[in-house]
Amino acid sequence: MSVNTTSQKLSSDVLVIGGGIQGASTAYHLAQRGVSVTVLEKDTVSRHASGVNAGGVRLLGRNIAEVELSKAAMQRWQQLDDELDADTGFRRRSLINIAADENDLDSLRSREQQMHSLGYFHEVMLDKRELLERLPHVADHCVGGVVSEQDGYAIPFHSTQAFRIAAERLGACFCEGELVEQIRKVGDSWLVDTKTQQYQAEHLVNCAGAWGDLISVMIGDNVPMSYSAPMLMITARMPHFAGPVVGAVSRPLSFKQFENGTVLIGGGAKGFADRANNTTRLDYSLMANGARNAIEFFPIMKTACINRMWSGLEAYMPDNLPVLGKSMRAEKAYHAFAFSAHGFQLGPVIGEVMADLITQGETRFDLEPLRVNRYERKTL
Amino acid sequence: MTEFFTPGSSDSSAEESSSISYDIAIIGAGPAGMSAAITASRASVSVVVLDDKPRSGGQIYRNVDASPLPDAEVLGPDYIKGAELTTRFRRCNAHHIRGVTVWHVGDNGEILFSDNGTTKRLTARQIIVATGAMERPFPIPGWHLPGVMSAGSAQVMLKSDGLVRDEAIFAGTGPLLYLIVAQYLRLGGKVKALIDTTPKQNYLHSMTELSGAMRAPGMLIKGVGLLNEIRKSGTKIVSFAEDLKILGEEQAEGLSYTRGGKEYSLPASHIFLHQGVIPNLNMTQALGLEHDWCKQQLCWKPKLNRWGQSSKSHIAVAGDSGGIIGADSAAAMGRIVALNQLVNLGVISALEGESEAADDLTFVASQQRFRRFIDRLYRPLDQQRIPESPGTVVCRCEERTVADLKKGFELGGREPNQLKSQTRCGMGPCQGRMCGHTVSELLANWRNQPVADVGYYRLRSPMRLVTLAELSQFTDVTPKAKKTEEVN
């Protein structure tokens, strides 16, 4: 761990707000380029979505606006442990989305056509026999699916900590328990006040996740962001029955079995988020639906024992795409938040994008569809 | 067997039949839960009691009306007197749902439980948590090996199945340990040795609290009497033992200890450990109630006012789950919290509540002096709560040792939840019951800060394992009609 003086903490080239995976990755990429960076986290690093998400490292089924980013991130994941000298728990397992009926197959066919026409060939359709070969325990009624071979999972808390520790090794500062109360631009400097300190920096990055809209407004950009509490449950250890990560084309089903035999079940059902109090409440009837779905697709899961259920606070944009790029209203301010429950996989590349924007003024990716003001009315 | 209300059966109360919610739900049918139910069950109040055992009584009065022993009197008068309470409880108006596992209690009054393979849900306006105590974990080298059990489990085998393990070693400290050994001996069991770890200085320190204890001389004499009884039986008693270690690699083969700086060992294939009890925290923690670290009892307990009301006004905690007070005080607290909730519901006035609870409130306060003495005398050794040896297992579910946790601490796991994410300690099916206190105290030690600043795990439902099949079938239970006659 590097030794940082107080003055270095309080005054840096870049101030990142939010100690989730995006903030930690941004700090890492900046520190790598010799930029001094301080991260302010209101709770503890990876306390929220970045520490408690399902850990899906997914390229399959990405919105077209995200495919390039996701592909670049996927390449990084394959050797991220070596790069960060850490154990993120990443395992390449492939991800299969199951088609339950002909309608599902139709959607898969049109998606395939679209992807091929754009020159993307990483999603490959499976027929019933191929599906059964890869997932022998899948229910009889399933008719096929689609697979992405590079996909897998990682351990979210460990991954976020890995970026943090690598960033700290390179000189970045992480300040926990620092809730931002006010942001001002004075001359060329951003002045950020917490309860006890004032931080100063030339550049400001908003990686505040489910609190991103609040920081965005302080910077000057309004966004129609909402937040919610996607729910997860994990089983006690059970015999191995699924190698690949599993999803479904049109049902709220998603699960992965880890090496220790536990099965993490998601599916997107949302509980109730109480952002002001850092807490969430689970909706058990929706959890029951999730359980029914899992059993319907994988009857072997009937006797699986649920060990824990939880949910984290997630930020969503109306189009389920993140806000990514420069502020529209302020110079030297940048956004990377509202990843709408699929930001974890993008972590390695988001830090790179932010570092590019700050040190070079541009990025190789097209961020137009993700700009912060995309919902502002053009005409009255 | 669980029985349910017959829908549409004769019901005089219109208010009750239209309600989908119970007025009061009580979790646990030990002394506190049963007393609360008896007091709360009045004509206009719908009360439901949920318990995980097929028979009421809790741990202390387990099977008191259906003992497998030819003469249950050998278990002592404190056990037998439970029969009177369970009888009154059986006759009261509360809806008693037995043999079910409550796996979620929400502060919104939602209660979910497993009943014969399905999930049932009910809601209640007021909740009383009376989930009792559990034995304090005993993290010494080898405590996770097969053959090592808690003395409480030895007692469960005794009360439920009349089962005795001969030539076992009992080790640790506390009145319950002596009681269980005495019960063993009365049933003709052979005890290899009682290794008592109560340190000499505890006897000295506790003397300052003795004047308080003298106000409850009956209880004091009881403790001394048990030790005398054990001594008279010829059972080997070793006092002031330290540095306990379980011997054996795959299976317990014996116990080693030091006394006066000399090391001894005794072979045995069954070793029962006990060093007092602590509140069963999982439900009160999962409910998000505020908790304090109690220096007197060296445990976390929910913050309660003298009426047993928690930091959430509609949730009360009664009995040992709110801090260890013993069966008699637990029964009194059960009545007190029930009266308070009747006041909250507007069934009785605050004045009526005060006057009805007066005697119990006085009794509970008077018992606290005796409790201070007991807590001081049987204060468990630091070395038996805060393991130092790197190889000692802390989290039994995920098999995490002191060394694993130390490494996680150095990687940034400075509070229990970060440490849990870092190392998986506390992620297993016991939900941290067996490691939570150890982790709080270990971190406090490593950080050189008070335990109160370190905190405890954030807990989530389910409080017990639930199968996907159980969860997928979901039905509601409502107070539709008056309780039907219970069949024994």
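Bear in mind that the values in this text are calculations on the coordinates, not laboratory data. This one's a predicted model, so the numbers in the text were calculated from it and none came from an experiment. Here Cβ is always computed from backbone atoms with ideal geometry, including for glycine, and neighbour counts include all displayed protein chains.
Over all other residues within a Cβ to Cβ distance under 14 Å of A:Glu331, the charged ones net out to +2, with Lys and Arg as +1 and Asp and Glu as -1.
Quotient of the Cα radius of gyration of segment B:184-341 and 2.2 N^0.38 Å, N being its number of residues: 1.31. Scanning residues 5 or more positions from A:Val39 or on other chains, those with amide H under 5 Å from its amide H are A:Val16, A:Cys173, A:Phe174, A:Cys175, with H placed 1.01 Å from N in the peptide plane. For chain A, the longest principal axis of the C-alpha atoms and the axis of helix A:156-169 are separated by about 30°. Look at the Cα gyration tensor of segment B:289-353: its axes a ≥ b ≥ c give a/c of at least 1.5 with a/b at or below b/c, and that counts as oblate. From largest to smallest, the equivalent ellipsoid semi-axes obtained for chain B from the alpha-carbon gyration tensor read 37, 26, 22 Å.
Peptides A:312-325, A:361-374, B:104-117 ranked from most to least packed, by the mean per-residue count of other Cβ atoms within 10 Å: A:312-325, B:104-117, A:361-374. Taking a Cβ cut-off of under 10 Å around B:Thr131, the surrounding Lys, Arg, Asp and Glu residues balance to a net charge of -3, with basic ones at +1 and acidic ones at -1. The H on the amide N of B:Met134, modeled in the peptide plane, is under 5 Å from the matching H of B:Ile278, B:Asn280, each at least 5 residues off or on a different chain. Legend: mean number of C-beta atoms from other chains within 10 angstrom of residue C-beta atoms, peptide A:282-290, equals 5.
May I ask you to derive the relative contact order of chain A, considering only C-alpha pairs under 8 Å and at least 6 residues apart, and to give it as an integer percent?
Details: 864 pairs, mean separation 87.4, N = 380.
Worked out over chain A, it gives 23 percent.
Residue by residue along A:307-320, Cβ atoms of other protein chains within 10 Å of the local Cβ number 2 on average.
With 29 Å as the limit, write out which pairs from B:Lys159/B:Lys232; A:Lys326/B:Lys420; B:Lys236/B:Lys301; B:Lys301/B:Lys420; A:Lys9/A:Lys256; B:Lys53/B:Lys81 have Cα-Cα distances beyond it, or answer none. Violating the 29 Å limit, Cα to Cα: A:Lys326/B:Lys420; B:Lys236/B:Lys301; A:Lys9/A:Lys256. Per-residue 3J(HN,Hα) values for segment A:40-56, derived from phi via the Karplus relation 6.51 cos²θ - 1.76 cosθ + 1.60 with θ = phi - 60°, read 9, 10, 6, 10, 10, 4, 6, 6, 9, 3, 5, x, 10, 6, 7, x, x Hz in sequence order (x marks Gly and Pro). For the pair segment A:234-257 and segment A:34-94, the centres of their Cα atoms are 20 angstrom apart. Axis of helix B:327-344 versus longest Cα principal axis of chain B: the two differ by about 30°, to the nearest ten degrees. Between the C-alpha center of segment B:252-281 and that of segment A:258-333 there is a gap of 45 Å. Amide H contacts for B:Asp292 (H built 1.01 Å from N in the peptide plane; partners 5 or more residues away or on another chain; cut-off under 5 Å): B:Lys301, B:Lys303.
Equivalent-ellipsoid semi-axes (√(5λ), Cα gyration tensor) for segment A:214-358, whole Å, largest first?
Ellipsoid semi-axes (Å, largest first): 35, 18, 12.
Cα centroids of segment B:284-298 and segment B:57-117: 25 Å apart. Counting Cβ atoms of other protein chains within 10 Å of each residue's Cβ and taking the mean over peptide A:145-157 gives 1.
Shape call for segment B:137-275 from the C-alpha gyration tensor, a ≥ b ≥ c root eigenvalues: rounded (a/c under 1.5), prolate (a/b greater than b/c) or oblate?
Oblate shape, in that a/c is at least 1.5 and b/c is the bigger or equal ratio.
Using the Cβ of B:Val64 as centre and a radius below 12 Å, the other residues enclosed give a net charge of +2, where K and R count +1 and D and E count -1. Shape annotation for chain A: C-alpha extents along the principal axes are 66, 45, 42 Å, from largest to smallest. Roughly speaking, what % of Cα-Cα pairs in segment A:151-307 are separated by over 22 Å, rounded to a whole number? Everything past 22 Å amounts to 59 percent.
Here the Karplus relation 6.51 cos²θ - 1.76 cosθ + 1.60, evaluated at θ = phi - 60°, turns the backbone of segment A:217-234 into coupling constants of 5, 4, 6, x, 10, 8, 9, x, 8, 10, 9, 8, 10, x, 9, 9, 9, 10 Hz, with x for every Gly and Pro.
Mean separation of Cα pairs under 8 Å and 6 or more residues apart, divided by the residue count, gives segment B:387-454 a relative contact order of 29 percent. By its C-alpha gyration tensor, with a ≥ b ≥ c as the square roots of the eigenvalues, how is segment B:387-454 shaped: rounded for a/c under 1.5, else prolate for a/b larger than b/c, else oblate? Judged from the Cα gyration tensor, segment B:387-454 comes out rounded (a/c under 1.5).
In sequence order, segment B:457-470 has phi-based couplings of 4, 7, 9, 9, 6, x, 7, 9, 4, 10, 7, 4, 4, 4 Hz under the Karplus curve 6.51 cos²θ - 1.76 cosθ + 1.60, θ = phi - 60°, and Gly or Pro positions carry x. Expressed per residue, the C-alpha convex hull volume of segment A:323-380 stands at 91 Å³. For the protein assembly as shown, the mean projected area of the C-alpha convex hull, equal to one quarter of the hull surface, is 41.4 nm².
In this simple spin-label approximation, B:Asp476 and A:Gln32 carry label points 7 Å from Cα along the Cα→Cβ vector, and these lie 5.4 nm apart.
Beta bridges from DSSP with both residues in segment B:100-258: antiparallel share about 65 percent, rounded to the nearest 5.
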